[in-house]
C-alpha cells in the first residue's frame, strides 16, 4: 500500500504538507501546480511554491515531494521542467485535471482532456527534457464533459513517457460532487502498463477499502480526507494489515500539530492570511473531531494573533 498526499490549490500547500507528513502514513506528496505560460520561470517561483526543494525535495519529516507543472505548451513545459529538475525535486508531475474555470479557459488542466494529442506532446517533451533518473508522472480526471475519452487520454500519457498515473475518478463537469466513479479507474488500469493511483472521495477507512476493491489499485491519493483526519493514512494501512490497533490520531495528539501549524503559518505566510488558514483547517477537522467544532466556534471571529496564541496555549495546558 502506497499513499500519496494530493495537491490542493489554496489548501494543501507546503505548510500543511509539513504537518500532515509529520502525522505519518504518507509515502509521497505532490505540490500544488506551478503555472507555466509562455516563459521560463525564475528559480524563486519554484522554490516559493515548493520550498522542500531546499531540503532535497523532501518535507522535514523526510517524505518526498514531486513538483507539479500545469501548462499547455509542450516546448515551454519542457524548458521549465528541465530547470525544475536541476533543483532536485523527488519527481515532476503534470496536471491534466484542474477544473478551475480560469485555468481551463486558457487551455490548461482538465481542458486538455479534450486534446489527447496535445497531452502526448507535453508528456513526451517533458520526459525528454529531464534526466532519466527523475520520475515523470501525471494526474488526470476522467474527462472534461464526460468520461468517453478517459482511456484514450490515459494511454496518451502512459505511451508518451509518464511512469505513473493518478486518476481523480470524476470529470471536470462533476467537479467535487460525490460519488467518485472508482470503477472507471479499473478500466484505465487495465489499459495502461504503468502504476495507477486512485483518487477521489476517500474520507474514511471504509471508503479506502471500497475504492481499492472497485479500482483494483493498491496506491491511493488522499486530499480532503487527510486534511479532515490527519490519521487517515495510518488507519488505512493498519486496516490493510488487519491490525488490531489502527492507532488513530485523537484530538489530544492533534493539538500539538495545530500549534506547529500555527507557528509555520506565522513564520512563512503573509500576516493577513494567517488567522484564516487556521480556521480553514479547523473547518475541515470538525468533520472528524467534535472538539474541532468547539474550537472553530471559539475562533471563527478571532483575528488577533495574540489571542490565537493564548487559545493554543490554553489548549496545550494539562
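Any read-out appearing in this document is the output of simple, stated calculations on the displayed coordinates, not a laboratory observation. Please read these numbers as outputs of a predicted model, since none were measured by experiment. As a convention, Cβ positions derive from the backbone with ideal geometry for all residues, glycine included, and neighbour counts pool all protein chains shown.
Gain on full extension, evaluated as 0.36 nm per residue between residue 105 and residue 40 minus their Cα-Cα distance, stands at 21.3 nm.
Counting only C-alpha contacts under 8 Å and six or more residues apart, can you give the relative contact order of the stretch 123-188 as a whole percent? Over the stretch 123-188, the number comes to 37 percent. Taking square-rooted eigenvalues a ≥ b ≥ c of the alpha carbon gyration tensor, is the stretch 163-318 rounded, prolate or oblate, where a/c under 1.5 means rounded and, failing that, a/b exceeding b/c means prolate? Prolate, because a/c is 1.5 or more and a/b exceeds b/c.
Kindly identify the stretch 256-309 as rounded, prolate or oblate by the Cα gyration tensor criterion: order the square roots of the eigenvalues as a ≥ b ≥ c, call it rounded if a/c is under 1.5, otherwise compare a/b with b/c, prolate if a/b is larger, else oblate. Prolate, since a/c reaches 1.5 and a/b exceeds b/c. The angle between the Cα long axis of helix 116-129 and the main principal axis of the chain comes to about 80°, on a 0 to 90 degree scale. Straightening the chain between residue 148 and residue 302 buys 50.6 nm, computed as 0.36 nm per residue apart minus the Cα-Cα spacing. Normalising the average separation of contacting C-alpha pairs (under 8 angstrom, six or more residues apart) by the number of residues puts the relative contact order of the chain at 14 percent. Given R₀ = 35 Å, FRET efficiency for residue 194-residue 272 by Cβ-Cβ distance, to 0.05? My answer for the efficiency is 0.25. Between 167, 103, 30, the Gaussian network model of the chain with springs among Cα atoms under 10 angstrom shows the greatest mean-square fluctuation at 103. By DSSP, the beta bridges lying fully in the stretch 2-240 are antiparallel in about 5 percent of cases. Helix 205-215 axis versus longest C-alpha principal axis of the chain: approximately 10°, rounded to the nearest ten.
Here is how the number arises for the chain: DSSP H runs of 4 or more residues each give -39500 (n - 2.57), the sum is divided by the residue count, and the result at 222 nm is -13500 deg cm²/dmol. For the pair residue 218 and residue 75, what calculated FRET efficiency results from E = 1/(1 + (r/R0)^6), where r is the Cβ-Cβ distance and R0 = 30 Å, to the nearest 0.05? Plugging the Cβ-Cβ distance into 1/(1 + (r/R0)^6) gives 0.25.
Principal-axis analysis of the Cα atoms of the chain puts helix 274-285 at an angle of about 80° to the longest axis. Between residue 173 and residue 313, the C-beta separation translates, for a Förster distance of 41 Å, into a calculated FRET efficiency of about 0.30. Entry for the chain at q = 0.07, 0.10, 0.14 Å⁻¹: log10 I(q)/I(0) = -0.27, -0.56, -1.08, Debye formula applied to identical alpha-carbon scatterers, no solvent contribution.
Take the Cα of residue 55, step 7 Å along the line toward its Cβ, and report every residue of the stretch 265-281 whose backbone nitrogen sits under 16 Å from that point. What the label zone holds, given the 16 Å backbone N cut-off, is 265-269. Taking all Cα-Cα distances within the stretch 17-158, those exceeding 18 Å account for 54%.
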